[in-house]
Amino acid sequence: MAIREIITPSNEILRKKAHKVTNFKDPKLQTLIDDMVDTMLDAPGVGLAAPQVAVSQRVIVVRLPDDEESKQEYGEEAGVLYVLVNPEIARASKEMLEGVEACLSIPGYFGTVDRHESVTVKGYDRSGKEVRVKAVGWLARVFQHEIDHLDGILYIDRASKVWRAEEMEDEPVE
Ligand code: ZN
């Protein structure tokens, strides 16, 4: 296991449509997943997509924090590690929710993005078993953000407003 370098938009891999995983037995896939988890936790971040570590494969990892405050706010979802291969949004609520996002690939910035309030994500776990995850609120937002990465889409493409981190105290944060 190792921490990998997180790339920024100057690397074109971040803008490419990532390839579907076809061989779950490939030891490189398992190493990639382990490294992605380490890299996400080290950053720290709540989600990471393989293109962010310069691997053009459809793999994401997501984990909401599990400190006391997060436990109260997110309940059972706090601290749960999701590893999803070839994830797709199977269902999305009509209701949209505005919220603030950041991205490990675009350090020092925040933006306001409209996302579906809830989504059902289908995909495969690291062993190739089919999985479905229902997500609401922040977890749903993180899944949408990470799945966008697999299509070369960054949150700044969807944001109604983007600002530098040091200006944050002047901005409403929800
Ligand atoms: Zn991101």
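Values in this text are rule-based calculations from the coordinates and carry no lab data. These numbers were taken from a predicted model, which means no experiment stands behind them. Reconstructed Cβ throughout: ideal geometry from the backbone, glycine too, with neighbour counts over all protein chains shown.
Quick look at the values:
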{"item": "Table column - 3J(HN,Hα) (Hz), segment 122-138, Karplus curve with 6.51, -1.76, 1.60, x for Gly and Pro", "result": "10, x, 10, 7, 5, 9, x, 7, 5, 9, 10, 10, 9, 9, 10, x, 4"}
{"item": "Fraction of antiparallel bridges per DSSP, the chain only, in percent to nearest 5", "result": "95 percent"}
{"item": "All-pairs Cα distance distribution in segment 12-168, expressed in whole percent, bin size 5 Å", "result": "2, 9, 18, 22, 23, 16, 7, 2, 0, 0"}
{"item": "Lys, Arg +1 and Asp, Glu -1 on Cβ, resulting dipole of segment 38-128 about Cα centre, debye, nearest 20", "result": "560 debye"}
{"item": "Mean ellipticity per residue at 222 nm, deg cm²/dmol - from DSSP H runs of n ≥ 4 across the chain, formula -39500 (n - 2.57)", "result": "-7000 deg cm²/dmol"}
{"item": "Charge dipole of the chain about the Cα centre (unit charges at C-beta), most positive-ward option of Val62, Val162, Ala102", "result": "Val62"}
{"item": "Vicinal HN-Hα couplings computed from phi for segment 69-82 (Karplus, 6.51 cos²θ - 1.76 cosθ + 1.60; Hz; Gly/Pro x)", "result": "5, 5, 4, 5, 7, 10, x, 5, 6, 5, x, 7, 8, 10"}
{"item": "GluC sites (Glu not before Pro) lying in DSSP loop within segment 69-106, provided at most 12 other Cβ fall within 10 Å", "result": "Glu95"}
{"item": "Candidate aspartates and glutamates - alpha carbon under 18 Å from Lys28, same-chain residues fewer than 8 apart omitted", "result": "Glu5, Asp38, Asp125"}
{"item": "0 to 90° range, to nearest 10: angle between helix 27-42 axis and the chain longest Cα axis", "result": "20 degrees"}
{"item": "Of Gln30, Gln144, Gln57, the one that fluctuates the most in a GNM where the chain has Cα springs shorter than 10 Å", "result": "Gln30"}
